[in-house]
2 protein chains.
Amino acid sequence: MSTTYTIGQVSTALNIPSSTLRYYDKLHFLPHLKKSASGIRQFDQADIDTIRIIECLKLAGLSIKEIQQFTQMLAEGDASLAKRQQFFHQIRQNFIQKLTQMQQTLAVLDFKCAYYDQAAADGTEALVQKNMSLSSVIPDQPALPTNSPV
Amino acid sequence: MSTTYTIGQVSTALNIPSSTLRYYDKLHFLPHLKKSASGIRQFDQADIDTIRIIECLKLAGLSIKEIQQFTQMLAEGDASLAKRQQFFHQIRQNFIQKLTQMQQTLAVLDFKCAYYDQAAADGTEALVQKNMSLSSVIPDQPALPTNSPV
DNA sequence: CCTTGACTTAAAGTTAACTTTAAGGATTAT
DNA sequence: ATAATCCTTAAAGTTAACTTTAAGTCAAGG
């Protein structure tokens, strides 16, 4: 019989509202979660670990439905090991793509910081507009039609 | 008189729905956007550049309201240069924090991939549960009360 | 004994960021 | 010239992920 915790304790410890934990339970995010005779949820360490992985999956950009796919696999036990392996490799691939895109975004922010550092020093945007080009940082936009349409 | 583009051309070129471009206009994201006598929007290169920066700010996690703050500064011209400088430095700081957190998340995903690679090879999760610990990758959880509350 | 506070449920409400609809005017293709 | 395709507006609808509300149970403290 391992130690268990009430929803309030878990809420405080992980800094997640109780309402959210109940919502997760309703979505079957915690397939092993037990309840007392009077209906009180009893979280054990495995449940808490699952919640922490769910937080991680959310940070990785997964939707509720995608997380449900995962927790359903959890409920299937060892039979779903290969599926879970594939699942995480896929998530990781997508996540690395997202990280790469964010590096690009950081480059733009770096550029804009340098741009406004110079503009503020100049007291005007006019000079810097001539001399600093965003296209040095991001790929040029897809071609627009060259005719004036209006 | 520089070349201008219709909303449809911009929509196609930047792969943003026309409805979204109109929505942005309604929110005053494009302070310099002109309209023809008959009310047709005429996007010029500066407007397009602004849209691309807005896309970047969205990727950086800014809300519509925060983007509105920025476009309002744009409308103020050189008078807002110092504000815009601060704005971008702040955005950049927050963004770097987010990137750092994502590196952490990647570490968890790496762990989970290795975990399930081994589990799938073993054919069971039992072994790997004993031998691989997530806490090697993420800081231990904040302490939970040690008494069993139920 | 009765109040306080944590817990329960189902269901309605919230927020952000679009997206669609309805009703109609202007431009382009055949 | 006339149908198709763009454009306009204001307003209502959508979706995700919670969050709040209403109504009620239950155990412990003064």
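Quick grid of which residues meet (1) in contact with a Ser or Thr (Cβ under 7 Å, 6 or more places away or on another chain); (2) near DNA strand C (Cβ under 8 Å from one of its atoms); (3) modelled with pLDDT of 95 or more:
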residue	(1), (2), (3)
B:Thr4	yes, no, no
B:Leu21	yes, no, yes
B:Pro31	yes, no, no
B:Ala37	no, no, no
B:Ile53	no, no, no
B:Leu59	yes, no, no
Task: Residues of the range A:57-85 satisfying the condition of being under 15 Å from the mean Cα position of the chain (by Cα) and β-branched (Val, Ile, Thr) - done: A:Ile64, A:Ile67
Open item on the list: Condition (residue is in contact (Cβ under 8 Å) with a residue 24 or more places away in the chain, touching a Cys at 6+ places or on another chain (Cβ under 8 Å) and either of a type in the set (Val, Ile, Thr) or more than 16 Å from DNA strand C (Cβ to nearest atom) (or both)) applied to the range B:111-122: is it met by at least one residue?
Closed with: no
TODO: Give the range A:111-133 a look and list any residue that's over 24 Å from B:Phe95 (Cα atoms) and of a type in the set (S, T, N, Q), or say none.
DONE: A:Thr124, A:Gln129, A:Asn131
Task: Unique match (being open to solvent by less than 30 Å² (accessible area, probe 1.4 Å), more than 11 Å from DNA strand C (Cβ to nearest atom) and either closer than 23 Å to B:Lys98 by Cα or in a helix (DSSP H, G or I) (or both)) among A:Ile67, A:Ile96 - done: A:Ile67
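Kindly provide the set of residues from the range A:119-133 that are surrounded by 14 or more Cβ atoms within 10 Å (Cβ to Cβ), more than 7 Å from chain B (Cβ to nearest Cβ) and either within 17 Å of B:Met73 (Cβ to Cβ) or among the aromatic types (Phe, Trp, Tyr) (or both), ordered by number. Step through it out loud before you land on a result.
The first filter runs over the range A:119-133 and keeps only residues surrounded by 14 or more Cβ atoms within 10 Å (Cβ to Cβ), leaving A:119-120, A:122, A:125, A:128, A:132.
Then drop every residue that is not more than 7 Å from chain B (Cβ to nearest Cβ), which leaves A:122, A:128, A:132.
Once the filter is applied, which keeps residues that are surrounded by 14 or more Cβ atoms within 10 Å (Cβ to Cβ), more than 7 Å from chain B (Cβ to nearest Cβ) and either within 17 Å of B:Met73 (Cβ to Cβ) or among the aromatic types (Phe, Trp, Tyr) (or both), the range A:119-133 yields A:Asp122, A:Val128.
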- [ ] Residue by residue through the range B:1-38, note down the ones that are open to solvent by 100 Å² or more (accessible area, probe 1.4 Å), more than 21 Å from B:Lys58 (Cβ to Cβ) and outside any loop (DSSP other than H, G, I, E, B).
- [x] B:Lys34, B:Lys35
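The values are calculated or read from the model by the stated rules, or taken from the named source; none is laboratory data. Everything quoted here is computed from the prediction, not taken from an experiment. Note that each Cβ is placed from the backbone with ideal geometry, even for glycine, and that neighbours are counted across all protein chains shown. Accessible surface is based on the protein model in full, side chains and every heavy atom, while ligands, DNA and RNA are left aside. Shrake-Rupley method; radii C 1.70, N 1.55, O 1.52, S 1.80 Å.
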